[in-house]
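Below is one structure, written out as structure tokens; comments come after it.
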Amino acid sequence: MTRPIPLRKRLLVRLLITSVLIAICSVAATAWLAVETTTRAIQEEQGQVLTEDMDILRQLSGYAATHRDWSGVGKTVRALSDRTGRRIALTAPDRTPIADSETRNTALPPRAAAAVDPLHTDTFTEPGAQRTGIDPRAVGPFRLPRAERERVRLLAEKRRACFSNNGVQTRITQMPSGRSVLTDEEGTVDGGQVPTPCADGVLNTPTATEEKALAQLNTYGGDCLKRVGGKFPSLFAATVDFTDRSMLTRYVGGKAETGIDTTRDQDKKAQECVDRARRQQLEPYVAPVAELFLGRGDSAVPHFDMSAANKAKVTGVAGLVLALTVAVTVLVATRLVRPLRALTHAAQQPPELHVRVPVTTQDETGILAVAFNDLADRRERMEAQRKAMVADIAHELRTPLTNIRGWLEVTRDGVVDPDPELLASLHDEAVVLQRVIDDLQDLAAADAGTLRLHREPVRADELLEQVVAAHRVAAEAAGVRLHTAVAASKGADGSHGLHGSDGSDGTPWLDTDPVRMRQALGNLVSNAIRHTPADGTITLSSRRHDDEVVFEVADTGSGIAPEDLPSVFERFWRAEKSRSRRTGGSGLGLSIVRQLVTAHGGTVTVTSELGSGSVFTLRLPDAR
């Protein structure tokens, strides 16, 4: 019986575990990669969108700082929309349209992205914005005409040369108003510390345009500055916030004063006055406040562009998972295919070699290898049995035929007269030959499944009496006594009542072919007579046991050795190899017994002990 395979060693379980592990690795790698790349891409997308939003706001704030209205902003809006792929719309605070890159009449987003106001911006949306919140590009009346710009530039060139002669390297930077200033590598105006030969104050002196604008600014903020103390910071220094903050002057009544100490609170209030005045002064020169709406463009659809780094990461992880899958699959497949290849190679070898395969596993392939080896063993045994059977059949037929041929030849040559004794001898040899042929025919019919059975109800005691009657003469000639015993149904005490050969109520019945069954029991009796010495006893008994009728043929003969018991029902087997064919039988009787009992749906077994005799037991279905 095949041992059950442990669950963990079953081929299906191993394949299932391998598939689950590969699936888990793939899902985990895919999930991690999706989260990682999506998070990175979203961050990049958010950063890009934020940068675009700030750039759009900066561009439009610059337009508002340099134009008195929004009449020509449409071109700028469309250019920004084409470059960013975004929908850009400007409206008045009351949602009156100013400009829109969307050609279709579609609704605006529910909320504005930002307010475009160059007089109230911050350093985050506009790099370089003043702390006052005024866009540095909003210069209004401080914008210098060409002549003044050129004159200031020449003054800046002169001061830069002076700085260079004194070991200070600077460069000229032009501010939105057109004024030129000097900055060093760190962006500090006038190079931080001004060399004494260069501190002439000419470059920082207001031009006529700036004087006029400062006077106007003084008018707007004068009353407020007088209320905080009558002293206020230089309007020029406050206006051009990019100048050196260490140069603090006072401008009172159109004259600059220096060295006046003020408290921090006064400075703060004065700065607030100046900021209000500057916004009041710049308001006519900048575009009015507008609401900025941002969205997708006309043809733009939601998209997700993965960066080259993320694409490379996806490709790398996918390749890694694929390589891992291939490696695991190859490893598992190799381990599974190796024993199958060994089986295939062994099966392709010539049959006469009877090749076996090594059993290296305990799973289905290991069981298959064991079954293959068992099949090879059985095939080898059957081949040996076939060869022995052919030799035995040839010998069985040759012996009587040789005797018959020899006697016929000497009779033909006139050496021996065909007397009754010779004819009787030839008849005996013909009977032996006929018996061998009949036995072989019965075995061939049983093997082919063509053995015909003519079943009918038969009493067990009558069957035994018929067998005893047929073999009584042979038994008496050998000095062996024959007995029968038939057991009825169990009694109340559990014992069996034994009846004689005449039978009685409760005798077992069976549905069988009486001729074939007499043949099977007769073979057992004949075999027992040959192996039982004179004064021995042979007992034929029957009884009912559960749903079976049990026949037993017991003798007090020589018995069978334990090592020979498994072979007694094999064809042409004899316990005593030295016995002659005439006295020892053909060696087919017990094989025929097994075939006949099997054809009736029963079984036959034997128990024996050397020197004490043997018991052959037949179990057949009960006819009840």
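In this structure, does THR583 turn out to be modelled with pLDDT of 85 or more and not charged (D, E, K, R)?
No; evaluated as a whole, the condition is false for this residue.
For the range 46-97, which positions are open to solvent by 60 Å² or more (accessible area, probe 1.4 Å) and not in a helix (DSSP H, G or I)?
HIS67, ARG68, ASP69, SER71, PRO93, ASP94, ARG95, THR96, PRO97
To keep it simple, each residue is scored yes or no on (1) among the acidic types (Asp, Glu); (2) at positive phi; (3) in contact with a Cys (Cβ under 9 Å, 6 or more places away or on another chain); (4) not in a loop (DSSP other than H, G, I, E, B).
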{"site": "THR325", "(1), (2), (3), (4)": "no, no, yes, yes"}
{"site": "THR329", "(1), (2), (3), (4)": "no, no, no, yes"}
{"site": "ARG341", "(1), (2), (3), (4)": "no, no, no, yes"}
{"site": "HIS345", "(1), (2), (3), (4)": "no, no, no, yes"}
{"site": "GLU352", "(1), (2), (3), (4)": "yes, no, no, yes"}
{"site": "GLN362", "(1), (2), (3), (4)": "no, no, no, no"}
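Looking for whichever is among the hydrophobic types (A, V, I, L, M, F, W, C), open to solvent by 70 Å² or more (accessible area, probe 1.4 Å) and either over 24 Å from GLN519 (Cα atoms) or modelled with pLDDT under 80 (or both) here; the options are LEU397, LEU423, LEU433, LEU440. Which one fits?
LEU423
Quick check on the range 223-236. Is at least one of its residues over 30 Å from ASN105 (Cβ atoms), among the aromatic types (Phe, Trp, Tyr), modelled with pLDDT under 50 and open to solvent by less than 30 Å² (accessible area, probe 1.4 Å)?
yes
For the range 603-624, which positions are open to solvent by less than 60 Å² (accessible area, probe 1.4 Å) and in a loop (DSSP other than H, G, I, E, B)?
Those that are open to solvent by less than 60 Å² (accessible area, probe 1.4 Å) and in a loop (DSSP other than H, G, I, E, B): ASP622, ALA623.
Can you pull out every residue in the range 456-492 that is in contact with a Lys or Arg (Cβ under 7 Å, 6 or more places away or on another chain), modelled with pLDDT under 90 and crowded, with 18+ Cβ neighbours inside 10 Å?
ALA487
Can you report the number of residues in the range 317-364 which are among the β-branched types (Val, Ile, Thr), loosely packed, with under 14 Cβ neighbours inside 10 Å and farther than 30 Å from ARG381 by Cα?
4
Residues of the range 191-214 being of a type in the set (A, V, I, L, M, F, W, C), part of a helix (DSSP H, G or I) and more than 20 Å from ARG149 (Cα to Cα), which ones?
CYS198
What residue, among those in the range 347-381 that are basic (Lys, Arg) and over 36 Å from the mean Cα position of the chain (by Cα), is farthest from ARG14 (Cα to Cα)?
So, considering only residues that are basic (Lys, Arg) and over 36 Å from the mean Cα position of the chain (by Cα), the one farthest from ARG14 (Cα to Cα) is ARG381.
What are the residues in the range 530-554 that are open to solvent by less than 20 Å² (accessible area, probe 1.4 Å) and touching a His at 6+ places or on another chain (Cβ under 8 Å), if any?
ILE538, LEU540
Out of (1) more than 30 Å from HIS545 (Cα to Cα); (2) loosely packed, with under 14 Cβ neighbours inside 10 Å; (3) in contact with a Pro (Cβ under 8 Å, 6 or more places away or on another chain), the odd one out for THR411 is which?
(2)
Which of the residues spanning the range 534-567 are part of a loop (DSSP other than H, G, I, E, B) and modelled with pLDDT of 85 or more?
Within the range 534-567, ALA534, ASP535, GLY536, ASP547, THR556, GLY557, SER558, GLY559, ILE560, ALA561 qualify.
Taking SER307 as the residue in question, decide whether it is touching an Asp or Glu at 6+ places or on another chain (Cβ under 8 Å) and either surrounded by fewer than 15 Cβ atoms within 10 Å (Cβ to Cβ) or at pLDDT 80 or above (or both).
yes
The values are calculated or read from the model by the stated rules, or taken from the named source; none is laboratory data. Since the model is a prediction, treat every value here as computed from it, not as a measurement. Virtual Cβ from ideal backbone geometry, glycine too; neighbours counted across all protein chains shown. Remember, those area values only see protein heavy atoms, side chains included, never the ligands or the DNA or RNA. Shrake-Rupley method; radii C 1.70, N 1.55, O 1.52, S 1.80 Å.
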